[in-house]
Amino acid sequence: MKQSYNPYDNVLKVVQDAAAILGYSDSDIEAIKYPERELKVSIPVRMDDGTTHVFQGYRIQHSTSRGPAKGGIRFHPDVNADEVRALAAWMTFKCAVVNIPYGGGKGGVVCDPSKLSENEIRAITRRYTAAIAPLIGPEQDIPAPDVGTNAAVMGWIMDTYSMLKGHCIHGVVTGKPLELGGALGRNEATGRGVMFTTLNILKKLGIPSEGTTVAVQGAGNVGSVSAKLLHEAGLKVVAISDVSGGIYNPDGLDIPAILSYLAADRRNLLKDFNEDGTTHISNEELLELPVTVLVPAALENQINAGNAEKIQAKLIVEAANGPTTSEADEILAKRGIKVIPDILANAGGVVVSYFEWVQNIQSVSWTEDEVNKKLKDIMDAAFESVWDLTQEKHTTLRMGAYLIALKRVVDAKSARAIWP
């Protein structure tokens, strides 16, 4: 069962633990505990039935010490300020661990895209963009897609911002359609990074990838691409789920057929998908399957104190942001289950967003092979750094990642000093 908790408290606890290992004083990390800017906006929209509905939206910048804020925009009914704060902070540390010149930001609108028409989603997007326009820009804060948004939404943001400024500004947002300056490889980047990280940890542990069993919670962009690429890499994906539940086949699923079914119509759900040998299961049951690799690719707090003892996977690769609570982390560590943290495992999306931004501001373009090679180089280097420090400090992979990330953020803050 999903329990109520404040995800930002989760972030602060990990930061405090990492600071203690690094020997930092309270003053060294005090500013990092507080987001630099928080904006809450009201978004009036004329709905298709002629009524006016006011949606609530947020844009929060956690840190810009290492560069412009960077982070997605989430359209989801559970969006709230604490969630956006946590997501913004995770972005700060995610950009730091892969060492790209960004800080962390995040945005969200409280809405349910599945119950809205395209016209209504576009109206929400444009009004929200106008409301947060003073905070965003290629040199200030660069949004990207997240849960409930996609390339089309990013295109509408770019267009709205460009209209407000009076000229075309490609670099205000990443994850755009290719026609509007999007990067080749961006759509699969987060899932591709998950795949690279999974193969890296399997190699370190001496586990052959061929036939290794995987369960993927979530069939959105990250979950579906992760499942597709892990399947193509020879792993056996035995379970996948979406909001309606999951399907399980211990002999392996036909991932291409499943993804084709889901892509055919956005109303298609896994509860209605049937294939010989498959069993319908709940999202909770999927998390507890006897697999080698578990990939939570849905929302926060999926692995918590209530189910951590029931997890049977040997490895957890966090494709979602914050899927494991700090209480669950402690339980999993005691049980010898390795967790590859979100700030490392799912950093592929922001890495290729960085590539897109660089191409936009320099007016250059790279091939998809170039993008994927550069992505692999950065993900592999970040993994090796985290792995080596983890071995040196005899700690978890999450703590290893935070030790690297926190030091980079603190060093940047220290070098800049406090103004005035």
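The values are calculated or read from the model by the stated rules, or taken from the named source; none is laboratory data. What you see is a predicted model, and the numbers here were worked out from it, not measured in a lab. Every residue, glycine among them, receives a Cβ derived from its backbone with ideal geometry; neighbour counts consider all protein chains shown. Quick note on the areas: whole protein, heavy atoms, side chains included, nothing else; ligands and nucleic acids left out. Shrake-Rupley method; radii C 1.70, N 1.55, O 1.52, S 1.80 Å.
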Can you find even one residue in the range 153-171 that is touching a residue at least 60 places away in the same chain (Cβ under 8 Å) and assigned to a loop (DSSP other than H, G, I, E, B)? no
Which of the residues belonging to the range 18-56 are crowded, with 16+ Cβ neighbours inside 10 Å, farther than 22 Å from Ala69 by Cα and not aliphatic (A, V, I, L, M)? Tyr24, Phe55
Could you check how many residues of the range 267-276 are more than 29 Å from the chain's Cα centre (by Cα) and either among the basic types (Lys, Arg) or over 10 Å from Ile247 (Cβ atoms) (or both)? 1
Enumeration of residues in the range 255-271 that are within 20 Å of Leu116 (Cβ to Cβ) and out of contact with any helix residue (DSSP H, G or I) (no Cβ under 9 Å at 6 or more places or on another chain): Asp265
State which residue is farthest from the chain's Cα centre (by Cα) when the search covers only the range 323-340 and only residues that are closer than 22 Å to Val237 by Cα and open to solvent by 10 Å² or more (accessible area, probe 1.4 Å). Ile337
Val291 being more than 22 Å from the chain's Cα centre (by Cα), at pLDDT 95 or above, β-branched (Val, Ile, Thr) and surrounded by 18 or more Cβ atoms within 10 Å (Cβ to Cβ): yes
Going through the range 367-416 in order, the residues found to be open to solvent by less than 60 Å² (accessible area, probe 1.4 Å) and part of a loop (DSSP other than H, G, I, E, B) are Thr395
Does the range 158-167 contain any residue that is open to solvent by 20 Å² or more (accessible area, probe 1.4 Å), aromatic (Phe, Trp, Tyr) and within 27 Å of Leu39 (Cα to Cα)? no
Given the conditions (1) open to solvent by less than 20 Å² (accessible area, probe 1.4 Å); (2) in a strand (DSSP E or B), which single one is not true for Ala320? (2)
Determine whether Ile361 is open to solvent by 30 Å² or more (accessible area, probe 1.4 Å), in contact with a helix residue (DSSP H, G or I) (Cβ under 8 Å, 6 or more places away or on another chain) and over 17 Å from Glu188 (Cβ atoms). yes
Helices (runs of 4 or more DSSP H) wholly inside the range 209-287 that include at least 2 residues being farther than 24 Å from Glu309 by Cβ: 221-232, 255-264
Here the residues within the range 406-420 that are in contact (Cβ under 8 Å) with a residue 24 or more places away in the chain and not hydrophobic (A, V, I, L, M, F, W, C) are Lys407, Arg408, Lys413, Ser414, Arg416
